[in-house]
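Notes for the one structure printed next.
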Amino acid sequence: MTHQCAGITRSGERCTHTAKGPSGFCHLHDPDRAAERKRNASRAGKSSGTREITSIKAQLAEMVETVLGGVASTAPYAVANQILNTRLQAIELERKAREADELEARIEQLEQGPEARKGGQKMGDIVRDLAARIQKLEAQLGKTGRRSLPA
C-alpha cells in the first residue's frame, strides 16, 4: 500500500508525492536526505554560470563573423569584446568566491567535531577532500597571479 508524503509544500499544502520507505516522506521532504538535497541544489546553482558562458561564446562567435565578414566597423565590436571579457572575469571570480565559501564552511564543520559532519564522513576522507580542493584553488589562483582568496 502506498502512502501520501507527510511533507508540507512551500505553499502550505500537503505534498502530493508518494512516500518512500519508512520515513513517511517522499524524496523531496525526507529529513534523512536533506544533506543530499542541499548538495544537489548547490550544484544546480553553479550551472547558471555555464549557461551564461555559453551565451557569451555565442555572442563572440557572431561578432567574429560580422567583423571578419567586413559587415560593420570594428570599433563597437572591440568595445563589446572588452565588456564580454569583463563578464567572463566576473563569472570566474564568483565561482572562486563560492568555492572559497564552501571550503570555509567545511573547515568550520571540521572544527566543530564529528557530530557536525554531514553523512557520517570519516575525518580522513574530509581532510583528503579539503586538501585536494585547496591545492586546486591555489593552482587556479596562481594562474591569475592572485595571492589571496576572494573576499
**Message:** Taking 0.36 nm per residue of sequence separation and subtracting the Cα-Cα distance, how much length would be gained by fully extending the chain between Ala75 and Leu88, in nm to one decimal?
**Reply:** 2.7 nm
**Item:** Nearest-0.05 FRET efficiency for Val67 and Gln140, computed from C-beta distance (R0 35 Å)
**Value:** 0.65
**Complete:** Taking the reciprocal of mean 1/r across every pair of different Cα atoms in the range 1-106, the Kirkwood radius in Å is 18.0
**Complete:** Under 5 Å from the placed amide H of Gln4, counting only residues 5+ away or on other chains, we find Ala19
**Request:** Please report Val67, Val79 as a ranked list, fewest other C-beta atoms within 10 angstrom at the top and most at the bottom.
**Result:** Val79, Val67
**Prompt:** Taking Lys136 as the anchor, which aspartates and glutamates have their alpha carbon closer than 13 Å to its alpha carbon, excluding any fewer than eight residues away along the same chain?
**Reply:** Glu99
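Any read-out appearing in this document is the output of simple, stated calculations on the displayed coordinates, not a laboratory observation. Predicted model only: the values in this text are computed from it and were never measured. Here the Cβ is made from the backbone with ideal geometry for all residues, glycine too, and neighbour counts use every protein chain on show.
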